[in-house]
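Student: Pasting a structure here, questions to come.
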Amino acid sequence: MDNFRIAKDTLGEVKVPKEAYYGAQTQRAVENFPISGIRLPFSFIKAQAIIKKSAAFANKECKALDDKKANAIMTAADEIINGEMRDQFVVDAYQAGAGTSQNMNMNEVLASRAFELLGGEKGDYSLIHPNDDVNMSQSTNDTIPTAIQISIAMELQATLYPALSRLIQVLKKKEIQFHEIIKAGRTHLQDAVPIRLGSEFKGYRGTLESVERTLKHSETFLYELGLGGNAVGTGINAHPDYAELAIKQIAQTTDLPFTQSKNTYAFMQNTNAAIRVSGHLKELAIHLIKISSDLRLLSSGPRTGFAEIMLPAVQPGSSIMPGKINPVILENLYMICSQVIGNDACVSTAAIGSQLEINAMMPVIGFNVLQSIKILSNGITIFTEKCLKDITANEENIQNWLEQSLSLVTALNPHIGYEKAAAVAKESFETGKTLKEVLESKKILSREEIDRILDPNSMI
């Protein structure tokens with residue numbers, strides 16, 4: 001018992017760790033949901049603290065909350081925003097519906113710490129109450145979706161956009177670096193007409209730029225907050241000026257353009273903004289898988305594959321085959337993107353859980369979108385810095401495959417017709433002769449015409 005204190009809530013008494021700032025409701029959640037050992041990330045906790053600080057400020061301005069209490073709550077919230085007391089947020093990511101436990105975890109920690117700042121004892125809520133004071137004018141139902149949107153917006157700005165921008169920048173450099181290298185194109189994994197190696201990287205760049213634009217468009221929906229809707233969107237128990245004041249304070253604290261939602265009912269019934277962002281994160285993951293798969297194929301070998309590009313070696317690839325080097329960074333990126341696609345499936349399924357006035361599955365939505373942003377940001381950075389920027393071209397192999405490609409025959413169509421060109425390609429394949437050798441043996445064209453028509457530079 002020396003390690004515990006007795007905390008109380010409306011259901012009775014609960015033993016809480018003596019040094020904990022949280023109280024009975026948090027402890028019940030810990031005991032009720034020992035699911036994964038995974039907690040919502042600090043970005044979400046920080047967003048919650050920003051909301052509580054802004055709410056205390058707004059309630060103080062509205063004369064609903066005593067200045068002394070409000071200032072103490074705001075100071076305690078600043079400590080959390082700055083990264084302190086992270087170990088006090090102990091509720092599992094898979095928790096009670098809507099995030100009531102998560103909201104109360106924050107309320108209890110802030111109430112306890114605020115009273116401590118005023119000279120009281122940790123865990124004593126007699127002066128500053130988690131529900132009456134910290135949660136004033138609020139509900140789980142409006143603060144949790146608000147925290148989801150704030151945390152997603154902050155993480156996009158701080159981590160994913162810089163990583164994606166750097167990736168696009170390096171792809172542009174590769175596009176320029178490889179511009180003069182002409183190689184065999186491939187469609188359906190079969191020989192196709194020539195293409196610049198730089199043009200393949202140009203395709204990657206353009207695809208990611210497009211996804212970046214659509215992701216940034218979806219981000220705009222994050223900035224409409226329904227804070228102040230309270231339990232069901234009506235704003236019950238909140239001062240008429242509270243929502244506007246609180247959201248302005250959130251915008252000032254985050255330096256992001258948050259505004260008041262024009263329809264708090266729609267905001268609280270659905271997690272539309274998070275769904276949109278998650279969908280575009282999935283789209284980004286799909287395209288990154290394509291790029292990683294292409295680069296693995298183009299670097300396959302080194303003796304029995306395409307081996308048109310060479311990846312930097314970052315670690316040994318086999319526990320049994322000496323000297324083997326695997327495309328581990330690309331494989332890592334594929335796994336990350338697979339998880340992101342799975343996360344979006346979870347978000348979509350949880351979003352279906354919206355019923356009547358709220359979505360009760362919000363914690364898992366927030367967790368999965370934030371995890372997708374984190375692992376994509378880290379994965380893209382590792383891919384860019386440890387793989388992409390140091391890729392080199394194996395020009396000897398590229399030239400060899402180009403000369404052997406049967407699809408160079410496409411350039412003959414305007415000169416000898418499709419059917420005769422197809423016959424030349426067939427004979428080349430069956431005899432092992434080059435296209436030029438078949439054309440010369442049949443005297444279909446002169447040597448000068450063959451060289452001019454089958455010059456890869458004239459085909460791109």
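The values are calculated or read from the model by the stated rules, or taken from the named source; none is laboratory data. Just so it is clear, the model here is predicted, and its values are computed rather than measured. No Cβ is skipped: glycine too gets one built from the backbone with ideal geometry, and neighbour counts run over all protein chains shown. The protein model used for the area step is the full one, side chains on, heavy atoms only, and it has no ligands, DNA or RNA in it. Shrake-Rupley method; radii C 1.70, N 1.55, O 1.52, S 1.80 Å.
Student: How about the range 3-29: which of its residues are open to solvent by 50 Å² or more (accessible area, probe 1.4 Å) and in contact with an Asp or Glu (Cβ under 8 Å, 6 or more places away or on another chain)?
Tutor: Result: ILE6, LYS18, GLN25, ARG28.
Student: Please count how many residues of the range 248-258 are without any contact (Cβ under 8 Å) to a residue 40 or more places away in the chain and over 15 Å from ALA58 (Cβ atoms).
Tutor: The total comes to 2.
Residues checked against (1) open to solvent by less than 60 Å² (accessible area, probe 1.4 Å); (2) more than 30 Å from ASN326 (Cβ to Cβ); (3) under 22 Å from the mean Cα position of the chain (by Cα):
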site: VAL369; (1), (2), (3): yes, yes, yes
site: GLY379; (1), (2), (3): yes, no, yes
site: PHE383; (1), (2), (3): yes, no, yes
site: LEU406; (1), (2), (3): yes, yes, no
site: PRO414; (1), (2), (3): no, yes, no
site: ARG447; (1), (2), (3): no, yes, no
site: MET459; (1), (2), (3): yes, yes, no
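Student: Which condition number in (1) acidic (Asp, Glu); (2) more than 28 Å from PRO34 (Cβ to Cβ); (3) in contact with a strand residue (DSSP E or B) (Cβ under 9 Å, 6 or more places away or on another chain) is the one that ASP67 fails?
Tutor: Tallying (1) acidic (Asp, Glu); (2) more than 28 Å from PRO34 (Cβ to Cβ); (3) in contact with a strand residue (DSSP E or B) (Cβ under 9 Å, 6 or more places away or on another chain), ASP67 fails exactly one: (3).
Student: Over 30 Å from the mean Cα position of the chain (by Cα) and either closer than 30 Å to ALA58 by Cα or among the acidic types (Asp, Glu) (or both): which single residue out of ILE128, ILE148 fits that description? Break it down into steps so the answer makes sense when it comes.
Tutor: Numbers: ILE148 fails: over 30 Å from the mean Cα position of the chain (by Cα).
Among ILE128, ILE148, only ILE128 is over 30 Å from the mean Cα position of the chain (by Cα) and either closer than 30 Å to ALA58 by Cα or among the acidic types (Asp, Glu) (or both).
Student: Being touching a residue at least 24 places away in the same chain (Cβ under 8 Å) and surrounded by 19 or more Cβ atoms within 10 Å (Cβ to Cβ): is that true of LYS282 here?
Tutor: For LYS282, the condition - touching a residue at least 24 places away in the same chain (Cβ under 8 Å) and surrounded by 19 or more Cβ atoms within 10 Å (Cβ to Cβ) - is met.
Student: From HIS217, HIS239, grab the single residue that is of a type outside the set (Phe, Trp, Tyr), open to solvent by 30 Å² or more (accessible area, probe 1.4 Å) and touching a Cys at 6+ places or on another chain (Cβ under 9 Å).
Tutor: Testing whether each residue is of a type outside the set (Phe, Trp, Tyr), open to solvent by 30 Å² or more (accessible area, probe 1.4 Å) and touching a Cys at 6+ places or on another chain (Cβ under 9 Å) leaves just HIS239.
Student: Output the residue which, of all residues in the range 416-445 that are of a type in the set (Val, Ile, Thr) and surrounded by 15 or more Cβ atoms within 10 Å (Cβ to Cβ), is farthest from VAL193 (Cα to Cα).
Tutor: Filtering the range 416-445 for residues that are of a type in the set (Val, Ile, Thr) and surrounded by 15 or more Cβ atoms within 10 Å (Cβ to Cβ), the one farthest from VAL193 (Cα to Cα) comes out as ILE444.
Student: Right, here's the next one. Go through (1) more than 28 Å from GLN269 (Cβ to Cβ); (2) assigned to a helix (DSSP H, G or I); (3) out of contact with any Phe, Trp or Tyr (no Cβ under 6 Å at 6 or more places or on another chain) one by one and return the number of the condition GLY120 breaks.
Tutor: (2)
Student: Condition first: closer than 11 Å to LYS52 by Cα and either open to solvent by 80 Å² or more (accessible area, probe 1.4 Å) or of a type in the set (Ser, Thr, Tyr) (or both). Now tell me which residues in the range 62-89 satisfy that.
Tutor: We begin by selecting, within the range 62-89, every residue closer than 11 Å to LYS52 by Cα; these are 70, 73-78, 80-81.
If the condition is that a residue be closer than 11 Å to LYS52 by Cα and either open to solvent by 80 Å² or more (accessible area, probe 1.4 Å) or of a type in the set (Ser, Thr, Tyr) (or both), then THR75 is the only one that fits.
Student: Separate question: Please go through the range 255-268 and pick out each residue that is surrounded by fewer than 22 Cβ atoms within 10 Å (Cβ to Cβ) and within 24 Å of the chain's Cα centre (by Cα).
Tutor: ASP255, LEU256, PRO257, THR259
Student: Take GLY123 and decide whether it is modelled with pLDDT under 95 and at positive phi.
Tutor: yes
Student: Can SER292 be described as loosely packed, with under 14 Cβ neighbours inside 10 Å, assigned to a helix (DSSP H, G or I), among the polar types (S, T, N, Q) and in contact (Cβ under 8 Å) with a residue 40 or more places away in the chain?
Tutor: no
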